[in-house]
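Okay, structure first, notes after.
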Amino acid sequence: MLSAGLSLAVGLAAAAWLCRWLMSGREAGPPEPGPSMRGRTVIVTGANCGLGRATAAGLARLQARVIMACRDEKAGAQAAREIQEESGGAGELLVRHLDLSSLRSVRSFCRRVIQEEPRLDVLINNAGIFQCPYMKTVEGFEMQFGVNHLGHFLMTNLLLDLLKRSAPSRIVVVSSKLYKYGEINFDDLNSEKNYNKSFSYSRSKLANILFTHELAKQLEGTGVTANVLHPGIVRTNLGRHINIPLLGQPIFKMVSWAFFKTPEQGAQTTLYLATSPEVEGVSGKYFGDCKQEDLLPKATDDAVAKKLWDVSERMVGLI
């Protein structure tokens, strides 16, 4: 007879397999291909792993020219080789260094893009850091707010003229449903008075949405759209800073395998907003599972969004 522990493990495994079969599309194969992106240039931040890699791979299959903006160029180059093998050489992949925790790196990356690229059709702000211990960026900003919001804020603003010249063009911002637990405290944006890694992540994701809200207003009439999304709970290495007890790791892996999306599934809303004719001209909206969703009032507060924009401009040195 099986021991009680082994019986429980077998039961959990069977339940996990059944739940995964019921919840994740019954492994129906890859998503339907989208419209061709041949001749279009797309930037994807954090493209060497997780959602970013899956997004870059999806765009390559659609024949796009993909600039993979990666902090680790070696990992980016390896991911690019793998994607090209998987896609049979479809599309064009270029790896460029971008460290969003350094505003100097952001400026260097943008200068190179502007010098080398005659057009930019889609900018995908995907990279992020999740619930890390208290750390600071090169310029001294709290890491989650600095990387997830300020780095992308500066990059987007520096590339806006190129996006406008390439219109119709799109900006896609990856946020999270966890924005609901965040608050914008203008008296402590740097978390120097108080730091909670969960709260700070949620605040950075709320900042992503407020940034997109204000950006869409400023882009009206330019032919450039800006939308934001949540990808759902996805199995990536984003949670590398979360400490799970050794005994709990097998159960966590089983639960994540059963209930979390694969990176390919999680990337579908990003790809939808980047490529689909259905959202042409749509701007300032929030999406999940390729459908528009409502936001809490705090995420669409015009006054807070404008103040955050103004404060962010000063923090990154745009004014």
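The values are calculated or read from the model by the stated rules, or taken from the named source; none is laboratory data. Treat the numbers as computed from the prediction; the structure is a model and nothing was measured. Cβ coordinates were reconstructed from backbone atoms using ideal geometry, including for glycine residues, and neighbour counts include every protein chain displayed.
Selection of first residues in region 126-138 that are under 16 Å from residue 189 (Cβ atoms) and of second residues that are surrounded by fewer than 16 Cβ atoms within 10 Å (Cβ to Cβ), restricted to Cβ pairs under 6 Å at least 6 apart or on distinct chains, gives the following pairs, ordered by first then second residue: 134/195.
Residue count for region 168-210 under the criterion of being surrounded by fewer than 17 Cβ atoms within 10 Å (Cβ to Cβ) and under 20 Å from residue 272 (Cβ atoms): the result is 2.
For region 176-219, the set of residues classified as outside any loop (DSSP other than H, G, I, E, B), farther than 29 Å from residue 163 by Cβ and among the acidic types (Asp, Glu) is empty. Report yes if some residue within region 150-167 is touching a Leu at 6+ places or on another chain (Cβ under 7 Å) and not in a helix (DSSP H, G or I); otherwise report no. Checked against the condition, which is being touching a Leu at 6+ places or on another chain (Cβ under 7 Å) and not in a helix (DSSP H, G or I), region 150-167 yields at least one hit. Given the conditions (1) more than 18 Å from residue 261 (Cβ to Cβ); (2) touching a Gly at 6+ places or on another chain (Cβ under 8 Å), report the number of the one that residue 54 does not fulfil. Every listed condition holds for residue 54 apart from (1).
Restricting the first member to region 263-274 and to residues that are under 15 Å from residue 225 (Cα atoms) and surrounded by fewer than 22 Cβ atoms within 10 Å (Cβ to Cβ), and the second to residues that are modelled with pLDDT of 95 or more and among the aromatic types (Phe, Trp, Tyr), the beta-carbon pairs closer than 9 Å and six or more apart or on different chains are 272/287. Residue under question is residue 303, and the condition is that it be small (Gly, Ala, Ser), in a helix (DSSP H, G or I) and surrounded by fewer than 20 Cβ atoms within 10 Å (Cβ to Cβ); does it hold? So residue 303 fits the description; yes. Can residue 20 be described as in contact with a helix residue (DSSP H, G or I) (Cβ under 7 Å, 6 or more places away or on another chain), modelled with pLDDT under 95, part of a helix (DSSP H, G or I) and closer than 18 Å to residue 264 by Cα? Here the answer is yes, as residue 20 does meet what is asked.
Within region 83-123, the set of residues being among the charged types (D, E, K, R), over 30 Å from residue 281 (Cβ atoms) and not in a helix (DSSP H, G or I) comprises just one member, 99.
Could you grab me the full set of residues in region 175-216 that are of a type in the set (A, V, I, L, M, F, W, C) and in contact with a strand residue (DSSP E or B) (Cβ under 6 Å, 6 or more places away or on another chain)? Matches in region 175-216: 209, 215, 216.
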